[in-house]
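The values are calculated or read from the model by the stated rules, or taken from the named source; none is laboratory data. Just so it is clear, the model here is predicted, and its values are computed rather than measured. All Cβ positions, glycine included, derive from the backbone under ideal geometry; neighbour counts span all protein chains shown.
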Amino acid sequence: MHMTKNKITLAKALALLEQNALSKDYEVDFVDSDIVAATDAIKLGALGFDVPEDKIHYDDTNLEEDEDFEGEWVRIDSDIADYKQHLMIKLKVDHEIEAWLAASNIDLDSLVSELITGFYRSSKAIKD
């Protein structure tokens, strides 16, 4: 059964966001004149809403100086190689399972990693 989402304006989405009432049941219908503050775009993105880049407004006038970031920037070694070893997996589950996962304290990263590792080892043992 495919459910259609309620299309709402950006203003309505931001009002629902403020009330913690915005959910995946809605779809934001962006228009040409819409402008979204970067902080709101981040909040919308965290809820799974894709905000077009050209709609995001970055207000550089509200920047504050931070003494921890003053002075010369020095390049450091990063953990990008380690990061590249991680996979992103998108799970599709029905609403009942999604609610159960949201209510539980299961570490999905560890669970999926262990399941895949176990499956790989079982497959390898069967082939040998």
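Overview of results
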quantity	calculated
Residue list for segment 5-22, filter: in contact with a helix residue (DSSP H, G or I) (Cβ under 8 Å, 6 or more places away or on another chain) and assigned to a loop (DSSP other than H, G, I, E, B)	Leu22
Checking Glu98 against (1) exposed (fewer than 10 other Cβ atoms within 10 Å of the Cβ); (2) over 30 Å from Ser33 (Cα atoms); (3) at pLDDT 75 or above; (4) acidic (Asp, Glu), the condition it does not meet	(1)
Hits in segment 42-53 - residues which are surrounded by 11 or more Cβ atoms within 10 Å (Cβ to Cβ) and part of a helix (DSSP H, G or I)	Ile42, Lys43, Leu44, Gly45
Members of segment 27-41 found to be closer than 13 Å to Ala11 by Cα and either in a loop (DSSP other than H, G, I, E, B) or not charged (D, E, K, R) (or both), listed by number	Val28, Asp29, Phe30, Val31, Ser33, Asp34, Ile35, Val36, Ala37, Ala41
Residues within segment 15-26 that are exposed (fewer than 15 other Cβ atoms within 10 Å of the Cβ), closer than 14 Å to Gly45 by Cβ and among the aliphatic types (A, V, I, L, M), tallied	0
When residues of segment 1-14 are limited to those that are loosely packed, with under 13 Cβ neighbours inside 10 Å and of a type in the set (S, T, N, Q), the one farthest from Val93 (Cα to Cα)	Asn6
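Residue-wise test of (1) surrounded by 11 or more Cβ atoms within 10 Å (Cβ to Cβ); (2) within 24 Å of Leu115 (Cα to Cα); (3) touching a residue at least 12 places away in the same chain (Cβ under 8 Å).
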| position | (1), (2), (3) |
| --- | --- |
| Val28 | yes, no, yes |
| Asp32 | no, no, no |
| Ala38 | yes, no, yes |
| Asp60 | no, no, no |
| Arg75 | no, no, no |
| His86 | no, yes, no |
